[in-house]
Amino acid sequence: MAQACRHIAPARRPKEKGRLNVIIPAAGIGKRMKSKGPKGLLAVNHGMSILELQVRNVLQVYPHADIIIVGGFECQKIRMALWGNFPVRIVCNPQYETTNVTHSIATGINAMLPGPLLLIHGDLVFNQATIQGLAGEHSSLLVADDQLESTEVGIGQQDGVITT
């Protein structure tokens with residue numbers, strides 16, 4: 001069995017004018033939600049989509065954030081809905097049908113600039129207070145050099161609490 005924790009990189013809250021990388025994976029099909037399109041484009045707040053709301057909330061807390069949205073299913077719809085309206089970069093996971101969210105996150109990591117990372121799922125809604133708390137000074141990122149085996153579980157730590 002491979003070691004689960006080869007590198008532990010502390011995540012630091014960005015300085016006042018520093019840049020925070022924010023990856024929002026939004027590649028899923030949304031079969032269970034019967035969304036008939038990308039889940040992140042579902043309207044949740046006066047016609048505003050989940051992704052639009054997430055981007056607005058992130059920018060209110062971190063105005064200089066480099067936001068990367070990783071699309072997959074109907075990625076072009078995500079691009080059309082957000083491109084030009086928000087300061088985001090949109091990358092596509094062309095293997096969204098045969099991979100899971102981990103592959104989408106890796107696609108976003110490959111596109112990001114050096115610096116701290118905040119990961120927010122594209123089908124969940126977080127308010128500004130939650131976003132502020134997510135980029136905690138004491139969170140950690142655990143990175144394995146190779147793929148996890150089917151018998152292994154990846155873990156993370158934030159504020160002294162271990163999560164799967």
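Our summary gives the stretch 55-110 a relative contact order of 36 percent, counting only alpha carbon pairs under 8 angstrom and 6 or more residues apart. As a fraction of the 1.4 Å probe accessible area of the stretch 33-142, surface on carbon and sulfur atoms comes out at 56 percent.
The values are calculated or read from the model by the stated rules, or taken from the named source; none is laboratory data. Here the structure is a predicted model, which means the values were calculated and not measured. We work out accessible area using only protein heavy atoms, side chains counted, and drop any ligands, DNA or RNA first. Shrake-Rupley method; radii C 1.70, N 1.55, O 1.52, S 1.80 Å.
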